[in-house]
Amino acid sequence: MATKKPAANTSEAAGTDTLDRANSNAKLEQLEDFRSDATGAALRTNQGVKIADNQNTLKAGARGPSLLEDFIMREKITHFDHERIPERIVHARGTAAHGYFQVYEAQGKKLSKAGFLQDPAKKTPVFVRFSTVQGPRGSGDTVRDVRGFAVKFYTDEGNFDLVGNNMPVFFIQDAIKFPDFVHAVKPEPHNEIPTGGSAHDTFWDFVSLVPESAHMVLWTMTDRAIPVNLRSIQGFGVHTFRMIDVEGKSRFVKFHWKPAQGVRSLLWDEAQKLAGKDTDAHRRDLWEAIESGDYPEWELGVQIVEEEDEHKFDFDLLDPTKIIPEELVPVTPLGKMVLNRNPDNFFAETEQVAFCPSHVVPGIDFSNDPLLQGRLFSYTDTQISRLGGPNFHEIPINRPVAPNHNGQRDAQHRTTIDKGRASYEPNSIDGGWPKETPAGPVDGGFESYYERVDAHKVRERSESFGDHFSQATLFFNSLSAPEQEHVIAAYSFELGKVERQWIRERQVNEILANIDLGLAQKVAKNIGVAPPSAPTVKPKKLSLEKSPALSQLNLLSGNIKGTKIAVLVADGVNGDDVKAIKSALLAEGAHVKVLGPNAAPVTAADGSALPVDGSAEGMPSVALDAVFVPGGAKSVEALSADGVAKHYLMEAYKHLKAIALAGEAKDLLKVVSLEEDEGLLTGADAGAVQKDFIAAIAKHRVWAREPKAKSVPA
Ligand code: HDD
């Protein structure tokens, strides 16, 4: 149990808003109890010696030189000097949460004998780490980048890691190209610029020379690369895997995570601003949602391809730059994942967790995708230097719940005290234990799928991997008009930052023109390149003209659960409006932030004190999804004269957000020179606008406003 905070901290509760602040501090203390280290235990050295003075080094006289003998100071500083470990070579910036996975129905006879896919009553614990790829550990959350989506299932048969991304394809087809790709996208070696993004010469040099990247680069130029938060991203296992049922039959599968919150993204201007206003925007959003009990949820599904259908597509299932369109093979739902607990300690859990695609359990197996095969080696290898040796599986967050028992011994950071004399197998000294378990339909030993391979050793790319453009074209065709506009803007922004003209030209002529000539011509115009008149590669006939499942505008949840709404107030605000809109939004599962001119409570029109959640400056419009302004003549007058409040409204308008103005707040329209539209609503009071306001928020953006919003200053 937590003991009380030191007396020095309690004086905080003596201010004007005494009651509220004291109450919420008490709540916080209760909430944080389980994270507390207030054990009542004495301060001791690592050797267990009680410390009498933690303020002063041992010196020869109060003003004299420090003494080498001071083992207490030396132990403390030495440990501190080694606090950092190498960050991940890619995906260094991340955040994570605990939760569980629950299957809908037993899969043993249908698809996979994996134990965690059998019992609908069983909750298998998971730990999920989301990440960006390019930036270092302290970089911004909202940069344009792929998001990692790595899930560790702690199953009774061992750990299964599904190490995916929020995009269904990858930049390269063969793992041997991974260091080249990563060197190209990372900050440039001479000046370590840019942090967190791909808008620079080396990235575009590489991808314009490597056409297999065309499809994935297009994904990174869509709004998928700037998600509004991590609760609303899709996840993909990317590669084709195998699942093996109880009869030993194998089927090919592709993994999908579909967010219950729907798929939503930021606009580019929002993403850029948010990177400065709140570097931790995504980390904070996930943390706060879970702390508030709004647990993010995803559905796990698989696309299933029977072994005999392996070659029936016009692309190769083993090629990680290809999707299987959902219109050809729908996603079969398997179960749901809920994230319901934040970590206790970032370093111990989020930083030290070690994922690896080769962590599989019986019932799940690999395909021969050459990118996947390379990954099976790379991840364990990287942990050896990152986590300091081969015993990283003993770190609590990596420990399986299934017991592990084998003859592996010693090495750095070994914590298990192994018993017995026989650290080899077979043995007759320890009764032959631990022994092998034969493979079987249930709870058996792991057995690789009995696949026949008969071939020459070659360094070759299969001809079936040769079409690099037709799926990129399909993806571009499947996007809605605003999504296509954003893609054109993103290529133009990124290539506009490329200094070398020949790289701009190569990307336009040899890559974009082969995806879509119109796209290439528009980007060319924006970056000062002569527009191409024809592709350089003969277009392949598309077997599918469009895949609606690829447009994220078709992937909204249709409700406002989990969204964040600002309510702008000042002294004199109509308290009834605030109360009414709050209860209407909370009833729909939204989060409401009442924002004042500063963090102090405001006085409502009836004289009562109205607590606020923060200041409008501290929670800028880019961090929220919609804005409501309640009535109250004095409050509206104050907001009309407040630059922060006016900017708030104009920025929310520019970013196509739903805005509702109640009562006197309608007067603000003139002040900021905006006009009503299908998402900018006015009404006599909160009750009169709330229904339309909620419907507008559920649509996520007021797309029809976009052309007009361009003239609003950024
Ligand atoms: Fe990777 C980390 C996802 C290709 C080598 N990768 C890493 C993480 C994710 C992915 C989500 C972060 C895990 C975490 O949160 O700790 N990587 C992917 C996907 C790929 C992919 C979806 C293609 C489909 N990766 C890939 C290749 C290689 C690597 C081809 C090497 C041959 N990836 C690594 C790594 C990392 C890593 C260097 C860095 C830190 C780590 O593994 O633990 O080994």
Which residues, taken from the range 552-563, are over 16 Å from Val228 (Cβ atoms) and surrounded by 18 or more Cβ atoms within 10 Å (Cβ to Cβ)? none
Tally, over the range 379-398, of residues that are among the charged types (D, E, K, R) and either free of Cβ contacts under 8 Å to residues at least 12 places away in the same chain or in contact with a Gly (Cβ under 9 Å, 6 or more places away or on another chain) (or both): 1
Against the definition (surrounded by fewer than 17 Cβ atoms within 10 Å (Cβ to Cβ) and either among the hydrophobic types (A, V, I, L, M, F, W, C) or not in a loop (DSSP other than H, G, I, E, B) (or both)), how does Leu586 come out, yes or no? yes
Assuming His468 fulfils every condition listed in (1) outside any helix (DSSP H, G or I); (2) more than 31 Å from the chain's Cα centre (by Cα); (3) closer than 30 Å to Glu307 by Cα apart from one, which condition is it? (2)
Does the range 253-266 contain any residue that is more than 16 Å from the ligand (Cβ to nearest atom), over 18 Å from His700 (Cβ atoms) and in contact with a Ser or Thr (Cβ under 9 Å, 6 or more places away or on another chain)? no
Name the residues in the range 181-201 that are within 16 Å of the ligand (Cβ to nearest atom), over 16 Å from Ser139 (Cα atoms) and surrounded by 14 or more Cβ atoms within 10 Å (Cβ to Cβ), would you? Phe181, Val182, Ala184
Mind checking which residues of the range 76-118 are buried (at least 21 other Cβ atoms within 10 Å of the Cβ) and assigned to a helix (DSSP H, G or I)? Gly115, Phe116, Leu117
Please verify whether Pro296 is in the same structural domain as Ser131 (by TED's automatic domain parsing), modelled with pLDDT of 95 or more and closer than 30 Å to Gly466 by Cα, treating the condition exactly as stated. no
Candidates Gly99, Gly94, Gly108, filtered to the one that is modelled with pLDDT of 95 or more, within 12 Å of the ligand (Cβ to nearest atom) and among the small types (Gly, Ala, Ser): Gly94
Single condition Asp365 does not satisfy, out of (1) within 16 Å of the ligand (Cβ to nearest atom); (2) in the same structural domain as Asn345 (by TED's automatic domain parsing): (1)
Which numbered condition trips up Phe346, out of (1) touching a strand residue (DSSP E or B) at 6+ places or on another chain (Cβ under 7 Å); (2) within 16 Å of the ligand (Cβ to nearest atom)? (1)
Could you identify the single residue in Pro390, Pro434, Pro403 that is loosely packed, with under 10 Cβ neighbours inside 10 Å and not hydroxyl-bearing (Ser, Thr, Tyr)? Pro403
Restricting attention to the range 378-405, which residues are within 13 Å of the ligand (Cβ to nearest atom) and more than 26 Å from Arg84 (Cβ to Cβ)? none
Test of understanding: among Thr220, Thr132, Thr155, which residue is in contact (Cβ under 8 Å) with a residue 60 or more places away in the chain, away from the ligand (no atom under 16 Å from the Cβ) and either polar (S, T, N, Q) or farther than 26 Å from Val487 by Cβ (or both)? Thr155
Is the range 289-306 home to any residue that is in contact (Cβ under 8 Å) with a residue 24 or more places away in the chain, assigned to a helix (DSSP H, G or I) and of a type outside the set (A, V, I, L, M)? yes
Kindly indicate which of Ser583, Ser543, Ser533, Ser557 is among the polar types (S, T, N, Q) and under 30 Å from Trp502 (Cβ atoms). Ser533
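Here's a check for you: in the range 46-57, which residue that is assigned to a loop (DSSP other than H, G, I, E, B) and in contact with a strand residue (DSSP E or B) (Cβ under 7 Å, 6 or more places away or on another chain) is farthest from the ligand (Cβ to nearest atom)?
Thr57
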Those residues of the range 273-288 which are surrounded by fewer than 20 Cβ atoms within 10 Å (Cβ to Cβ) and assigned to a helix (DSSP H, G or I) amount to Gly276, Lys277, Arg284, Trp287, Glu288
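Within the range 66-75, is there a residue that is away from the ligand (no atom under 16 Å from the Cβ), touching a residue at least 12 places away in the same chain (Cβ under 8 Å) and not in a helix (DSSP H, G or I)?
So the first thing to find is which residues in the range 66-75 are away from the ligand (no atom under 16 Å from the Cβ), and the list is 66-75.
Restricting the remaining residues to those that are touching a residue at least 12 places away in the same chain (Cβ under 8 Å) gives 70-73, 75.
When the remaining residues are screened for being not in a helix (DSSP H, G or I), the result is 70.
Yes, there is a match, as at least one residue in the range 66-75 is away from the ligand (no atom under 16 Å from the Cβ), touching a residue at least 12 places away in the same chain (Cβ under 8 Å) and not in a helix (DSSP H, G or I).
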Hey, any hits in the range 164-183 for a residue that's in contact with a Leu (Cβ under 9 Å, 6 or more places away or on another chain) and either among the aromatic types (Phe, Trp, Tyr) or within 30 Å of Thr437 (Cα to Cα) (or both)? yes
Taking the range 661-710 as the region of interest, how many residues are touching a residue at least 60 places away in the same chain (Cβ under 8 Å) and small (Gly, Ala, Ser)? 6
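Residue-by-condition table, conditions (1) surrounded by fewer than 21 Cβ atoms within 10 Å (Cβ to Cβ); (2) under 24 Å from Lys113 (Cα atoms); (3) not aliphatic (A, V, I, L, M):
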site	(1), (2), (3)
Glu326	yes, no, yes
Lys336	yes, yes, yes
His359	no, yes, yes
Leu376	yes, yes, no
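The values are calculated or read from the model by the stated rules, or taken from the named source; none is laboratory data. Every value quoted in this text rests on a predicted model; they were computed, and no experiment measured them. Counting neighbours? That spans all protein chains shown, and the Cβs are built from the backbone with ideal geometry, glycine included.
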